[in-house]
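We did not get these values from a lab; they are worked out from the coordinates using the rules stated. What you are looking at is a predicted structure, and each value in this text was computed from that prediction instead of being measured. Every residue, glycine among them, receives a Cβ derived from its backbone with ideal geometry; neighbour counts consider all protein chains shown.
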Amino acid sequence: MQKASAPWWHLLPVVQWNSWDNQYHLWLTEIIAGRLGTSLQDYSPVQDKVAKALKVSSIIAFPGFGLALIGSFILGFWLTLTPLSLATKWVKQVLYTLDSVPGFMITLGIFALYLLAGGTLFFASSGMSFTPSTLLGSGCVALFLLPFLSLFFHQSLQQEASKLYLRTAQAKGLSFSQAMVYHALPNALASSVVVIGDILASLLAGVLIVEVTFSLPGTGSLLAKSLLTQDYPTVIGLTLFFLLLRTVLMWTADIVSGLIDPRMKVQ
């Protein structure tokens, strides 16, 4: 065997153009036009299936997210203002315990309590009415998010409370609670906005446990069924939609963070 030398450009891949009339460019043209293809199961447009499932996921996600957000801000602020009280210690233990419980156990527990209380589940054909299943799903989402958001917001406020500018505000005559509201709260919110945007993107992608337990045809349930039935156009369409949604929400969160916190500049 002899060593043979070759020019360096022989190591580069060969790029060939096969015109626009090929399968990939036809698919890309349809995607840009908002058409995600045709489902292999019922031969309906994928974008119609995604839109219908997104309505159900939104009904579950937004009320539960709103309840968790309001409750976490109230709890986090109260835990910061009363760090040495006995109630604060008990509430923290409850939040840590609830945060460690798996989501499916919370969902099944709420479902079992509802059935033991004599409740029955019924479903609206349009998927847009607030039925017991959607209300219970929203409650489960709120319980999923409340411990994490409360503790995260509390820790953010604690970090701001230990900084020098807050002591300066108190030295100028403000009480601790006033200094927290006017100075620490905006800075703590800035760090929470990105986390909130990430959580919201995940919720709209579907809470699979809740949707399966309460038989709700949301985006998470649609993705799971499409994977099991090998409905690849629906899987690809959902994945592209989730990526685009997450990108938009994270960009929005970064812009809002820059508006809230003057230390961050949005280019």
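Every listed requirement among (1) under 25 Å from Val141 (Cα atoms); (2) free of Cβ contacts under 8 Å to residues at least 24 places away in the same chain; (3) not polar (S, T, N, Q) is met by Leu84 save one, (1).
For the condition over 17 Å from the mean Cα position of the chain (by Cα), among the small types (Gly, Ala, Ser) and at positive phi, what is the one hit in Ser226, Ser133, Ser215?
Details: Ser226 fails: at positive phi; Ser133 fails: at positive phi.
The conditions single out Ser215.
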